[in-house]
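Accompanying notes for the structure given below.
The values are calculated or read from the model by the stated rules, or taken from the named source; none is laboratory data. The shown structure was predicted, so the numbers you read here are calculated from the model rather than taken from an experiment. Cβ sites come from the backbone with ideal geometry, for glycine too, and all protein chains shown count toward neighbours. In case anyone asks, the SASA skips ligands and DNA or RNA and just uses the protein heavy atoms, side chains included. Shrake-Rupley method; radii C 1.70, N 1.55, O 1.52, S 1.80 Å.
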Amino acid sequence: MGVKQLWQLLQGEGLLVKRFGSNPDDYPHLIREVDGKVVAVDLSMWAMQADQQLALLPHFSREERCIKVAFERALQWLRHGCLPVIVVEGRAPEEKRGAQQQRNANRGGGSGWGGGSGGYSAGVGGNGQAPGASQFTRLGTLVASVLEALGLPVFYAPGEAEAVCAVLAQAGCVDACATFDSDVLLYGAETVYQTLKLSTTEPKTCELTTCSLAAVRQRLGITAGGPAALSLIAMLAGTDYDLDGAQGVGSAGGLFVAQQLLRDEQDDSQVLQRLAQLLQAAPNTALLAITKCTGCQQCGHEGGRKGKVKRHTRANPCPLCAPLPGKALALCCQGDPEEYDDGCCAARPGAACACAFHTADAPRRLERILERVRRDAGFLQEAEAALAVFQRQG
């Protein structure tokens, strides 16, 4: 699962690059992208895909389905010049127990491939692991043994598979990571294949969805880092360690907060500390009091009233519009209608509204989000605990 709605957010921001074999222009780029690459694969991704192939259900057991799909995936990747490095899921961190329990309750206690990394979620036992977790571990080991017999490199993660994938990428052992789990970006993977389907017999079914940390940095306006800012978004939006995040913020709100905190910064090394400082500061009541537009619809300047006005009047002259030639500003709005129209409230079609609501839009929105977060007294403590898990796993 990973960070709540992070893939949707990245797609909305244009940071997911999708290529399809059915598109004649995309296909050559797709093939060149994977040819000669070494890719760390979160094995749970193939296991999930095996469970989604309903046509196999009447003919194969779960173990047989997973072996069949993983074997075929590996062969197709190899035929395209792409070497999969298999990473088997280990023991989920204890901190994930609450999220597993809640997700299981939301699903009515059904079994299946839950978990942030594709593990089972059929309830949680006394040791913090789902009852299906040991089954999943055995299944992963079984499938990995088959792939290892093919000569493929296999790593058994002590914890989250996506964390090991990211570490392999950072060490230069692999060129990219293939996983559904968006946490891999928080662990520092530079190139992620969120979707990779390859077929030599049906090339039109090939598909590749790529996300790069470089593109994320560009959108955040920084030149180094990225995982810390994504961790901030994760804490606000919700993760496998805190499903809800900060109430009423969401991933889009988290991205906005990160962008505001990173203004004029080169990296995100201090972004979490800056968030903590703002949350611990007293609320900016002046910004919170600004709730609606108070501009003039004709000239765009501050309207001088509780709400927006159609235009200034002699009783409410505009202090910024230039007076008529030879007229003092104080006298401008006291003449006839022609003088009023031409001098005291000049029409500015298309001009941006200069009222306090619009000119302070970014700091006002930031302050309102911070105020929502402040209502959760335990947010900072929970966020720091979740961040420590990410750092420990990575």
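Assess whether residue 195 counts as being open to solvent by 30 Å² or more (accessible area, probe 1.4 Å), of a type outside the set (D, E, K, R) and farther than 25 Å from residue 367 by Cβ. Criteria not met by residue 195.
Out of all the residues in segment 245-260, is one or more assigned to a loop (DSSP other than H, G, I, E, B), under 30 Å from residue 345 (Cα atoms) and open to solvent by 30 Å² or more (accessible area, probe 1.4 Å)? No. Checked against (1) within 26 Å of residue 197 (Cα to Cα); (2) open to solvent by 60 Å² or more (accessible area, probe 1.4 Å); (3) modelled with pLDDT under 95, residue 155 passes all but a single condition, namely (3).
Look at (1) in a helix (DSSP H, G or I); (2) closer than 30 Å to residue 238 by Cβ; (3) not acidic (Asp, Glu) and you find that residue 39 fails only one, number (1). Is it the case that some residue within segment 64-79 is open to solvent by less than 80 Å² (accessible area, probe 1.4 Å), assigned to a loop (DSSP other than H, G, I, E, B), more than 22 Å from residue 172 (Cα to Cα) and not acidic (Asp, Glu)? No, there is no match, as no residue in segment 64-79 is open to solvent by less than 80 Å² (accessible area, probe 1.4 Å), assigned to a loop (DSSP other than H, G, I, E, B), more than 22 Å from residue 172 (Cα to Cα) and not acidic (Asp, Glu). The residues listed here are 60, 71; of these, the one that is among the aromatic types (Phe, Trp, Tyr), out of contact with any Lys or Arg (no Cβ under 8 Å at 6 or more places or on another chain) and more than 26 Å from residue 29 (Cβ to Cβ) is 71.
Sort through 177, 206 and tell me the only one that's within 16 Å of residue 77 (Cβ to Cβ), crowded, with 18+ Cβ neighbours inside 10 Å and touching a Lys or Arg at 6+ places or on another chain (Cβ under 8 Å).
Numbers: 177 fails: touching a Lys or Arg at 6+ places or on another chain (Cβ under 8 Å).
Residue meeting the stated conditions: 206.
Looking only at segment 21-67, residues that are touching a residue at least 12 places away in the same chain (Cβ under 8 Å), closer than 22 Å to residue 190 by Cα and of a type outside the set (Val, Ile, Thr) come to 11 in all.
Within segment 22-59, the only residue that satisfies the criterion of being among the small types (Gly, Ala, Ser), within 22 Å of residue 203 (Cα to Cα) and crowded, with 16+ Cβ neighbours inside 10 Å is 50.
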